[in-house]
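Input: a single structure, listed below in structure tokens.
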Amino acid sequence: MKAVIMAGGFGTRLRPLSNAIPKPMIPMANKPMMEHIVDLLRRHGITDLVTLLHFQPALIENHFRDGSAFGVKMTYVSAVEDYGTVGAVKNAAACLGGPFLVISGDVLTDFDLGAAIAFHRDRNADLTILLTRVENPLQYGVVITEPDGRISRFLEKPTWSEVFSDTVNTGIYVLEPSVLDLIPPRREFDFSKDLFPLMMREGRRLYGYVAEGYWRDVGDLMEYRLAHQDILAGRVLVQIPGRKVEGLDHAIWLDEGSRVDFTAGLRGSVLIGKNTRVEANARITNSVIGDDCVVENGAVITDSVLWNEVTIGPGAALAENVVGRGSEVKARARLFEGALVSDACCIGEGSVVKADVKVWPHKLVEDGAILSASLVWGDRWARSLFGAYGITGLGNVEITPEFAVKLGAAFGATLREHTLVCTSRDPHRTSRLINRAIICGLLSAGVDVHDLRVSPIPVVRYQMGKHGAVAGVHVRRSPFEPALIDIKFFDERGMDLAAGREKGVERLFFREDFRRAKMEDTGRLSFPEYDVEYYEEGILGFINQDAIRARAPKVVIDYAYGSASTIFPHILGKLGCEVIALNAYMDEARIVKTAEEFQQSLKQLCEIVRILGADLGFMLDAGAEKLFLVDDKGDLISDELALAVVALLMARTQPAGTIGVPVTASGVLEELVAPGGFRVARTKIAPRALMETAAQEGVVFVGDAFGGFVFPGFQPAFDAMLATLKILEMLALSDLTMHQAIRHVPQRVMVRHQVPCPWERKGSLMRTLIEATKHEDVELVDGVKVHLGADWAILYPDPDRPVFHILAEARTRARAEQIAEEYRERVQNWLGREGTA
């Protein structure tokens, strides 16, 4: 008798294990599932096999080839379309002659096939279904048979109210060739849905044989792991690869080339594959370890399945997990019950993967991270939610509605019930989606919400105090990455959330320890009127309106399709400015620019200023936080030069005070402002650090050298609209044009480099850098800044990317490039030495 092996399924319910391989090739006790079926058929004398292929057929063909290595003859039939279960068998009719058996290539069974075939022959059946009894029949076809085995009733996947038996179809059949005549060619046709009802209507001899023995449909990830436990416990008769160790009271199988340290503990039943190494003090219980694996010192593995080429680091702990091929679980990482790690993943040192979480192929979970939701699309999961600019991720991929609800609940749990949070967003529809999800999470924690809807970020920050809010959240598309969403959090002063409060939100988010308000205590949602007058009154009261009116400047302003276009034109209209407005309406499709589009917009602004003879050109970013300048000659002003010019104007027109700048800002600033009695305070680079400096007593101006300007007398946060007005005011008071002001700034040249640096190497590189520069004139505000007389270089790790930044400033470009190149080579040499250590 021939046998047909159904091996064309996609294994959808076993994803992500079945992402890269067909379900029959998924390892079961260190050999493909289908290989166990081939073993079963051969044991019963069935050696002429026809395998039906559809999904990734080459992987199956390359493994079994002609079948001779497995003691069988293998023929393959591929279908270009999905013809259904029995339609696929009809497609292989040319390879079949007499009676034949059909069996799935992805079940685990040790049925006595010979007895089933004998039953079929004794009853002179046209088709015999092998049946078994199960506790929960809802996922199977339920069958009732007459005393002689003839099927009298059949129902595919019933509900509990329809269940009439616990006897189910196993998907194994014995057929006479005449049955193939009932099946239409090249049409979708299924055994259960089409063929069986047809045979019963026509009175064909359709029988059911209740088989004795083990059978499990390995239909999902839990069934997959439990099937392994059954193999290890001896509940199913299969051929297990390797040598069974004799003289033990429990079953241990060791395949060739495997080594187990004498201090390691193997408890229960354990299968260890070829060339696998188990190191000292490791503990493995009731688990299957694949070929070419390494289980390092002190690792603990319980009730788990490891595919080939897996490394488990020292002290790592696994419990009821599956780890895919080529993955690494680093030192002291912990996988909770039911967690699954797919192929080629890296679970970082000391990280945690929560229960039932799935990590899809080729993903990185950073050192120390806590992963509590499945990682499907992004390429990594960071150890922290917050970066330098809030929370950033792929819109509706990493930052999903589910993520946002959970984030809102975590943030709400850090606040007292019925305190007030202001929420806002940019005009994009995905920002609206995520904003609403965050609101849901906040309300569930009993926090009240004022949703300001589409608002410029500076306006939201300024209105925090007016509404009595204790915190704020703003959602936007990331300015230069169309696929990214940013979520920014504010405190009661409108400043970015402090690092300590960010950590508090992260702890609750990763622990999923949220406060859930009672129904009568859930938060209240309101939509206050858009109070532009409050911001307008504040900003007009802060500036010198008369100076601007007297100068009556002609300016070109590019609103970049952002929400400032709804507010700022009205303010400018009260100041007597002649304004040429560009892109002065909101457009969700155009609020994000690529780097090329951004440069093209600046170039266009320069040309318009030059052609119209304007006094100044301004471009606001879509959130109205950053400002980019063009002088009266139509020349673009670099961000570093813009900071220096504004600092100069402050020193010439405003009362003396402290100016805050990042440690990376140009060294000319002290030189520019000292004659006016101003002091320069250098801070960390992060926006929060600059805002904290702005909130300190005596600080009158802060700039970040990236287009961000803060005037703390108004609010301690970046505000491009206010910066535009202050620049116009100070130029009027100084009686200078922008081009004239620039000529007062001493020329310095800054050169920037980036050096790739793995995340895990940043700490050691900083240590090496500090040690190497300990005898030099060094400043350690942020990174390592080395003073070289009037010149300097600074090296610091990027907080959000695996790179190291190198900046050098000197009086000439040649000298700046020489300094930057010297330190770049030193960093690369240090990284090279560490990599080979």
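The values are calculated or read from the model by the stated rules, or taken from the named source; none is laboratory data. Owing to the predicted nature of the structure, the values given are computational and were not obtained by experimental measurement. All Cβ positions, glycine included, derive from the backbone under ideal geometry; neighbour counts span all protein chains shown. What goes into the accessible areas is simple: the full protein's heavy atoms, side chains included, and nothing from ligands, DNA or RNA. Shrake-Rupley method; radii C 1.70, N 1.55, O 1.52, S 1.80 Å.
Give me the Debye-computed log₁₀ of I(q)/I(0) at q = 0.15, 0.16, 0.32 Å⁻¹ for segment 608-662, equal point scatterers on Cα only, no solvent, two decimals.
-0.53, -0.60, -1.17
Under the definition of Cα pairs under 8 Å and six or more residues apart, what whole-number percent is the relative contact order of segment 573-700?
15 percent
Mind listing which trypsin sites (Lys or Arg not before Pro) in segment 224-299 are in a DSSP loop and have 10 or fewer other Cβ atoms within 10 Å?
Sites meeting the loop and neighbour criteria: none at all.
Only bridges whose two residues both fall in the chain count here: according to DSSP, what percent of them are antiparallel, nearest 5?
Bridges in the chain are about 40 percent antiparallel.
For segment 710-751, which trypsin sites (Lys or Arg not before Pro) are both in a DSSP coil and crowded by at most 15 other Cβ atoms within 10 Å?
Filter output for segment 710-751: 743.
Quote the relative contact order of segment 196-331 in percent (integer), defining contacts as alpha-carbon pairs under 8 Å separated by 6+ residues.
14 percent
Which sequence of 734, 287 reflects their accessible areas, 1.4 Å probe, from the largest down?
Final ranking, largest accessible area leading: 734, 287.
Dipole of segment 39-114, Cα-centred, from +1 at each Lys and Arg C-beta and -1 at each Asp and Glu C-beta, to the nearest 20 debye?
It comes to approximately 200 debye.
How high is the relative contact order of the chain? Use alpha-carbon pairs under 8 Å, at least six apart in sequence, and give a whole percent.
Across the chain, relative contact order equals 6 percent.
About its Cα centre, how strong a charge dipole does the chain have in debye, to the nearest 20, once Lys and Arg get +1 and Asp and Glu get -1 at the Cβ?
Roughly 240 debye for the chain.
Please report the accessible area of residue 296 (heavy atoms, 1.4 Å probe, ligands and nucleic acids excluded) in Å², nearest 10.
50 Å²
Please compute, over every Cα-Cα pair in the chain, the percentage with a separation greater than 34 angstrom.
Above the 34 Å cut-off, the chain has 63 percent of its Cα pairs.
Using only the heavy atoms of the protein chains and a 1.4 Å probe, how would 474, 450 rank by accessible area, largest first?
The most accessible residue leads, giving 450, 474.
Given N residues in segment 681-744, what is its alpha carbon radius of gyration divided by 2.2 N^0.38 Å?
Its radius of gyration relative to the 2.2 N^0.38 Å reference: 1.19.
So what's the net charge close to residue 703: Lys and Arg +1, Asp and Glu -1, counting the other residues with Cβ under 13 Å from its Cβ?
Summing Lys and Arg as +1 and Asp and Glu as -1 gives -2.
Scan segment 1-85 for GluC sites (Glu not before Pro) in coil per DSSP, keeping those whose Cβ has at most 16 other Cβ atoms within 10 Å, and list them by number.
Taking segment 1-85 and a limit of 16 other Cβ atoms within 10 Å, the loop GluC sites (Glu not before Pro) found are 81.
Name the residue from 742, 543, 68 whose Cα lies farthest towards the positive end of the charge dipole of the chain, charges +1 on Cβ of Lys and Arg and -1 on Cβ of Asp and Glu.
68
What does the charge count around residue 205 come to, taking other residues whose C-beta lies under 13 Å from its C-beta (Lys +1, Arg +1, Asp -1, Glu -1)?
With Lys, Arg at +1 and Asp, Glu at -1, the neighbours total -2.
Between residue 600 and residue 65, what FRET efficiency comes out of the Förster formula 1/(1 + (r/R0)^6) with R0 = 60 Å and r the beta carbon distance, rounded to 0.05?
0.55
Which stretch or stretches of segment 400-430 have amide N atoms under 15 Å from the point lying 7 Å from residue 516's Cα along the Cα→Cβ direction?
Under cut-off, by backbone N: 406, 409-410, 413.
Can you tell me the dipole magnitude for segment 160-284 around its Cα centre, using point charges on the Cβ only (Lys, Arg +1; Asp, Glu -1), in Debye to the nearest 20?
Taking the Cα centre of segment 160-284 as origin, the dipole is about 320 debye.
For segment 198-350, which semi-axes, largest first and in whole Å, follow from the square roots of 5 times the eigenvalues of its Cα gyration tensor?
35, 19, 12
What net charge is computed for the residues neighbouring residue 555, neighbours being all others with C-beta under 11 Å from the C-beta of residue 555, Lys and Arg scored +1, Asp and Glu -1?
-2
As a test of the formula, what do you get for the chain when each DSSP H run with n ≥ 4 contributes -39,500 (n - 2.57) and the sum is divided by the residue count, at 222 nm and rounded to the nearest 500 deg cm²/dmol?
-8500 deg cm²/dmol
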